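Written out below as structure tokens is the structure these notes cover.
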Amino acid sequence: MKRTFTVIGLGAFGSTVARELARLGNDVLGIDLDPGHVNAIADDITQAVVADARNEDTLRDLGVHDSDAVVVAIGEDLEANILVTLTVKNMPKPEVWAKALNHNHHRILHKLGADHIVHPEHEMGLRLAHAMMYPEVLDYISLGHDLFTVEVRASEKLVGQTIASLGLDGRGVQMLMVKHQREIMTPPSNDYVFRVGDQLVMVGTLDNLRNLSPYL
């Protein structure tokens, strides 16, 4: 379903978000003070505007208050990030996603009532470190409380073995899905025999998943 989004701050992070939201078929308004940032994205989203988002009247004139969600992606100007988050949060409709620069900034955004707070550089750093440590992990999602869902590429040593042979119950890990090309088994049976090219989706604590990794 098409939705309406506003992205305020069109640097590397904000422009990436705006372009992807537009690619997914949504109406996207992008706002930035820098004409260069606006011109660079103007052909990729619904509307790109050079404007000062710190001015509430300007935001309302642009219809930001009618957006389904607003991404405050201002990176370098901490004061502007906070002021814009506060302004948009006082609008009744939009859900507010705000970029935090550090832990203290996160606490301020939380106090302001931001619905979602993201740390793109920190999160990308974590993903890079995990990818370097565990190259077999294709993707992962943190579920909170040290619980993760991971997608893993099955190694050659797994081929010919069954799910039961991994003893997942005793290891505190649950197999949610096995994907083989376009075939999806969810949940797979314990007698499923692994094949070349299998991708496994599992859930468990970080320690339990880490302890399992040598067997995958």
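The values are calculated or read from the model by the stated rules, or taken from the named source; none is laboratory data. Remember, predicted model here, so these are calculated numbers, not experimental data. Here Cβ is always computed from backbone atoms with ideal geometry, including for glycine, and neighbour counts include all displayed protein chains. To get the accessible areas, we keep the full protein, side chains included, count just its heavy atoms, and leave off ligands, DNA and RNA. Shrake-Rupley method; radii C 1.70, N 1.55, O 1.52, S 1.80 Å.
Observations on the model:
- Per residue, the Cα convex hull of the stretch 30-97 amounts to 83 Å³.
- Rolling a 1.4 angstrom probe over the protein heavy atoms with all chains in place gives the chain an accessible area of 57 Å² per residue.
- Close Lys pairs in the chain (alpha-carbon distance under 21 Å; sequence gap of 8 or more, or different chains): 6.
- Label point distance in nm, THR186-ASP61, each placed 7 Å from Cα along Cα→Cβ: 4.7 nm
- According to the Kirkwood relation over distinct C-alpha pairs, the hydrodynamic radius of the stretch 88-174 is 16.4 Å.
- Note on ALA164 and ASN90: the extension gain reaches 21.3 nm, defined as 0.36 nm multiplied by sequence separation minus the Cα-Cα distance.
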